[in-house]
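Data block below; observations after.
The values are calculated or read from the model by the stated rules, or taken from the named source; none is laboratory data. Bear in mind that the values here come from a model prediction, so they are computed numbers and not experimental data. FYI the Cβ positions are ideal-geometry reconstructions off the backbone, even for glycines, and counts take in every protein chain you see. Each accessible area value is taken on the protein alone, full model and side chains, heavy atoms only, with ligands, DNA and RNA left out. Shrake-Rupley method; radii C 1.70, N 1.55, O 1.52, S 1.80 Å.
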Amino acid sequence: MSSYYTESEYLELKERFTENILRSTVAFLNSEGGQIIIGINDNGDVVGVSDVDDTLKKISDMLTMQIEPNPQDIVTINLKFAGDNRLIAINVPKGPASIYCIRKYGFSTAGCLIRIGSTNRSMTPEQIRIRYEKSFDADERMLKVSAKYGDISFRNLKIYYSEYGFHLDDNSFEVNFNLRNDSGKYNLLAELLSDRNNVPMIFVKFRGDDKASISERSDYGNGCILVAYEKLKNRLIAENICRTDTSMRPR
C-alpha cells in the first residue's frame, strides 16, 4: 500500500524499531520537535508493525533509560491504523531543557543530535557547550525542580569537605546548600551533589596522533559532581607528562 508520508524536518519514517529512533528522538528534542512513525519503509509504503506490544515496550525503555534528561513526561505515543496495518506514532515536542543527549554517550558530539532538514546531525562542541552552560544558568530551575532519585545521600560530599578541613553539620548543611525545594523535596542541585546522579565525566585516551583508536576510557562521573571533577582533574594532571628528547646530544 502506497503512503502519502514523506520524511521532512518534522517527520521520520521507520519500518521497525531500530537504534536510529533513539537518535531521532534526541534530535527532535533538541530542535523544534517532530513525529516518528513506525511501520512505514523508506519508499513510503505502509508495512505495519507486527508486534505492537514488544515495540511499545522498547520505546518506553528508550525514553526512561537511554535519554538524559528523561523526556518520558512530554513524549506521547499513539497507535494509528492505515487500512489493516497498525502504525505507532511517537510525538516528540521541543524539549523544555536546553539540551538532551543519548545517555551512554553523554553530552558529546556522539550523544547530542539536532534535526537539520530530514536528517539527524551531531551538534558541534561549541553548540553543546553553549546549551550545556545555559542549563546551569537557570538557578531557579536547579533549586525548584525535584530530583529524580528518592534515595539521595551525601556521604562523598561530606568526605570531600572534611578533606579540606570543613565539617558539614548534619542538621544544617541541607539548608545552607539550598538542597530542598519549596515542597521539601530534594532538588536538582541536591542530585548533582549527591552520591548518585546521571552526569558523566569521561576521560578518554587515544592511541596515536588522531582519534581513530581509543586506548583507555574511564568515567569518573555519576556521583557527587565536586568529587568527580576532582578525580578527573587529578587524572589530567597525572597524564600531563613532559617528555624530553635527548637523542641529539649527550646528556
**Request:** Determine the order of D51, D42, D151 by accessible area, beginning with the largest, at a probe radius of 1.4 Å.
**Result:** D42, D151, D51
**Asked** Using helices alone, what [θ] at 222 nm do you get for the chain, with -39,500 (n - 2.57) per DSSP H run of 4 or more residues, divided over all residues and rounded to the nearest 500?
**Response** -9000 deg cm²/dmol
**Request:** Skip the ligands, DNA and RNA, and give the accessible area per residue of the range 1-120 with a 1.4 Å probe, whole Å².
**Result:** 48 Å²
**Request:** On the full set of protein chains, 1.4 Å probe, figure out the accessible area of E32 and give it in Å² to the nearest 10.
**Result:** 110 Å²
**Message:** Is the C-alpha gyration tensor of the chain telling us rounded, prolate or oblate? Criteria: a/c under 1.5 is rounded; beyond that, a/b larger than b/c is prolate, otherwise oblate.
**Reply:** oblate
**Prompt:** Taking each full run of DSSP H in the chain as one helix, which ones are at least 20 Å long along their axis (Cα atoms) and have mean Kyte-Doolittle hydropathy of at least -1.0?
**Reply:** 225-239
**Complete:** In whole percent, the fraction of accessible protein surface over the chain that belongs to carbon or sulfur atoms, probe radius 1.4 Å, stands at 49 percent
**Prompt:** Gap in Å between the Cα centre of the range 133-197 and the Cα centre of the range 48-107?
**Reply:** 31 Å
**Prompt:** What shape does the range 112-212 have by the C-alpha gyration tensor, where a ≥ b ≥ c are the square roots of the eigenvalues, rounded means a/c under 1.5, and otherwise prolate means a/b greater than b/c and oblate the rest?
**Reply:** oblate
**By average C-beta atoms within 10 angstrom, highest first, the peptides 74-81, 227-234** = 227-234, 74-81
